[in-house]
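The values are calculated or read from the model by the stated rules, or taken from the named source; none is laboratory data. Predicted, not measured: the structure shown is a model, and the values here were computed from it. Note: ideal-geometry Cβ built from the backbone for every residue, glycine included; neighbour counts use all protein chains shown. Only protein heavy atoms, including side chains, enter the accessible area calculation; ligands, DNA and RNA are left aside. Shrake-Rupley method; radii C 1.70, N 1.55, O 1.52, S 1.80 Å.
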Amino acid sequence: MKKLSVKPKNWLLSFHVASGGIWLGTALCIVAVAITKKNILNGDELYGINSVLKFMDDWVIIPTAILSLITGGLLCWLTIWGFTKHYWVIVKWVVTVTLITTGTIWLGPWLNTMTAISETERIQALHNPLYILNQQGVILGGAIQTACLLAIVAISIVKPWGRRLVKQSKEMKEVVSSNS
């Protein structure tokens, strides 16, 4: 398959970096707001903040995480990096898919539950064990997710692991030896 030339590759890479950066920034903001809202005394304010956190998850994190995955896949497919040629690419794939999966299974539903509980119970939500458990999960899980996103950024820049050594196929060995 033909690979992308420099200009289209750079545009695709720009979209990839931007989507990952927006995902990281929004995740960090959600964690920061979730931590600081522990001192709220007004039920309407609690519900309002939870609604904003849910909005940020639904309309910023989910789309940018998906865009990051798609642009990363296109970069692997349409450039020399490939999907499995480099250890750093494999690690980024595994971590990205894991983050999207855990966000889908736990973090998003926890935020949705917090919003629903605070909508009906307002300030009393702060005494609801399910609300408290979900709030702790969002803070801890969000902090872990943010740290993993930071690690992905570092891996993207440093590329700490080299190219995988792939065993040559029998045909390739024959071609190489016949050319010698």
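Worth pointing out:
- Test for Leu4: is it crowded, with 17+ Cβ neighbours inside 10 Å and part of a helix (DSSP H, G or I): no
- Selection status of His86, touching a strand residue (DSSP E or B) at 6+ places or on another chain (Cβ under 9 Å), crowded, with 16+ Cβ neighbours inside 10 Å and under 28 Å from Leu165 (Cα atoms): yes
- Qualifying positions in the range 36-53 - over 28 Å from the mean Cα position of the chain (by Cα), open to solvent by less than 60 Å² (accessible area, probe 1.4 Å) and either closer than 14 Å to Ile117 by Cα or charged (D, E, K, R) (or both): Gly43
- Only one of the listed residues (Ile62, Ile70) is in contact (Cβ under 8 Å) with a residue 40 or more places away in the chain, open to solvent by 40 Å² or more (accessible area, probe 1.4 Å) and under 28 Å from Ile139 (Cα atoms). That residue is Ile62.
- Sole exception among (1) over 18 Å from Ile157 (Cβ atoms); (2) buried (at least 19 other Cβ atoms within 10 Å of the Cβ); (3) touching a helix residue (DSSP H, G or I) at 6+ places or on another chain (Cβ under 6 Å) for Met56, by number: (2)
- Residue, most open to solvent (accessible area, probe 1.4 Å), within the range 15-34, restricted to residues that are over 16 Å from Thr96 (Cα atoms) and small (Gly, Ala, Ser): Ala32
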